[in-house]
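To start, the structure under review is shown below, and the notes come after it.
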Amino acid sequence: MSEIFPATGGGHNLDLRLSATLSTQHHSQVMKIQLILPLLALASAAFAAPTSPVAVKSFGRLPDGRETRLYTLKDASGFQADIADYGGTIVRLLVPDRTGKLADVSLGFNTVAPYPKDSPYFGALIGRVGNRIAGGKFTLEGKTYTLVTNNTPTPELPCHLHGGTIGFDKVIWTATPTTREGLPALRLRYTSADGEEGYPGQLTVEVTYSLTRDHGLRMDYSATTTKATPVNLTNHCYFNLAGEGQGTILGHELTVRAKRYTPVNAGLIPTGKIAPVAGTPFDFTSPHTIGERIGAKDEQLRFGGGYDHNFVLDSSDGSLALAATVREPISGRVLEVLTTEPGLQFYCGNFLDGKLTGKSGGTYVYRGAFCLESQHFPDSINQPSFPTTVLRPGQTYRSTTIYRFSAR
C-alpha cells in the first residue's frame, strides 16, 4: 500500500480509508469465491467420467515379467465374472444355488503363473481356429498352409489344436472396461499378425464380455482380416455346477438341442459324415446325466475317451438360440448356453487327471468338469460339406454366445 499511496501530510487518513475499503472488498470477494467453489465442484463432478463399474487388480506376472490384470464384472445380486487380460480368460464365475448360496462354478487358478504351462485352456478365448485341423494343413485360394501339430490323439494322426503353440489363449489382450445396457462389460482387443502360427492375413479381433439382466455372461465376437483366412473363435470354460473342485460332473443332467452330430476318427477329426444321435449315447435331446451312458461300448466314446464331440445344433440360421441346458440336481444350479453358432463341442474332462489344484485348494479330478464350446465344426477348412470358416477381406466375422445361470 505504501508504494501505491505514499503517506504525506493528511494522506495517512486516506490510506486507512482505502485500506478499510479494499479489505471489505477483498472479504466480499473471498466469500463469493467460497460460495462459488462448491458449485464448480458439483458442476465438475457432473461432467466428469463416471466411475467404472468394472474393478481391476493385478493377476500377477508372466515368466517373462509382463504384468497381467484381472477384471471383475458384478451385479447387485452377487453374480460375478472375473476375467483376465491374459488369454481373455474367465477365471471365476460366482453363481447362486437355489438357496442363494454363491459358488465358483468355473475351473482355473488364483494367479496367472500356472496358466502358460499347466492350463488345459481353462476359461480361455480360443483362436485363430478353435478345435482341430487334420494334419495341421489346409489349402486356401490355391496355397497350402502348414501349421504346427500340437495335439496327438494318436501318434499316427497328429493335428493342429486351438490355434497352435501360442494361440489366443496365451496372449495378453488389450482390455477396456465399459458397459452394455447399463451393466458391467469388458472389451478385449487383439491383432494377430499375418503369418502368426502359420495363418494368412492380419486378423483384428474384438471380444466383449458383458453381464445380462438374467444372470448371463454374454460374449460378442467380431473379427476382420487383410487376407482370406479360417476363423473359428470360442471360449473354453470348464464348468462344475456344484462348485469348482467339488468332484465329478457325471451326475449333472444335460440336454442338447441337436438331433445330429459329427462322428470322428481315432484322431478326433470328423469323418465328414453328419449322423443322427437317435439310438446312440449321444442322444441328449431329452435330459440324461452325463455319466449315464459314458461307459457304453461305443466306438465314438472309445475314440474320445468319453464325450469329446461336436453336435450339429437344430438352430442353424445364425439367430441367437438355446443350444444346451445343464442342471446340477443337488445345488439346483442350471446353465443354459445360447449361441448363434451352428455347432457345440461337448467335452467332459476326459484328460483331467487329479494333478491340478484349483482356486479353492481342491484337485481337479478325472471328469471333474465339462465344456460346451460354441463353434463351427472341427476341421471345417478341410471339409467342403461343413459350414465355411473362411473370412475374407471386406467381411466381418460376428458371433454371440451367452452362458445364462439360474437355479431350481
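Before moving on, here are some points about what is shown:
- Here the Karplus relation 6.51 cos²θ - 1.76 cosθ + 1.60, evaluated at θ = phi - 60°, turns the backbone of region 360-369 into coupling constants of 8, x, x, 8, 9, 7, 3, 6, x, 6 Hz, with x for every Gly and Pro.
- Cα-based convex hull, region 222-300, per residue volume (Å³, whole number): 168 Å³
- Each part reduced to its alpha carbon centroid, region 183-224 and region 269-291 end up 30 Å apart.
- Using a cutoff of 8 angstrom between alpha carbon atoms and counting only pairs six or more residues apart, the relative contact order for the chain works out to 16 percent.
- Viscosity 0.890 mPa s, 25 °C: Kirkwood-radius Stokes-Einstein D of region 261-408 over Cα pairs, µm²/s: 146 µm²/s
- Enclosing the Cα atoms of region 91-183 in their convex hull gives a volume equal to 188 cubic angstrom per residue.
- The value given for the chain is a Kirkwood hydrodynamic radius of 23.6 Å, derived from the mean inverse Cα-Cα separation.
- Choice from 275, 175, 242 with maximal GNM fluctuation in the chain (Cα, 10 Å cutoff): 275
- Accessible area per residue in Å² at 1.4 Å probe, computed on the chain: 45 Å²
- Cross-link reach is defined here as a Cα-Cα straight distance under 13 Å, omitting same-chain residues fewer than 8 places apart; for residue 273 the aspartates and glutamates meeting it are 379.
- Ordered from largest to smallest accessible area (heavy atoms of protein chains, 1.4 Å probe), the residues 381, 133 come out as 381, 133.
- Cα-based helix-to-principal-axis angle, 11-47 vs the chain, degrees rounded to 10: 10 degrees
- Carbon/sulfur fraction of accessible area - region 100-214, other protein chains in place, 1.4 Å, %: 51 percent
- Other residues lying with their Cβ under 11 Å from the Cβ of residue 261 contribute a combined charge of +2, Lys and Arg counting +1, Asp and Glu -1.
- Candidates 360, 210, 106: whichever shows maximal mean-square fluctuation once the chain is modelled as a Gaussian network with Cα springs under 10 Å: 360
- The chain: most fluctuating residue of 73, 322, 344 per GNM, C-alpha cutoff 10 Å: 322
- When +1 charges are put on Lys and Arg Cβ atoms and -1 charges on Asp and Glu Cβ atoms, the dipole computed for the chain relative to its Cα centre reaches about 260 debye.
- In terms of distances greater than 25 angstrom between alpha carbons, the cross-link table entries 101/170; 57/117; 117/359; 117/143; 57/355; 143/170 yield 101/170; 117/143; 57/355; 143/170.
The values are calculated or read from the model by the stated rules, or taken from the named source; none is laboratory data. Fair warning: this is a prediction, and the values are worked out from it, not measured in the lab. Note that we place each Cβ from the backbone using ideal geometry, even for glycine, and neighbour counts take in every protein chain shown. For accessibility, only protein heavy atoms count, side chains too; no ligands or nucleic acids. Shrake-Rupley method; radii C 1.70, N 1.55, O 1.52, S 1.80 Å.
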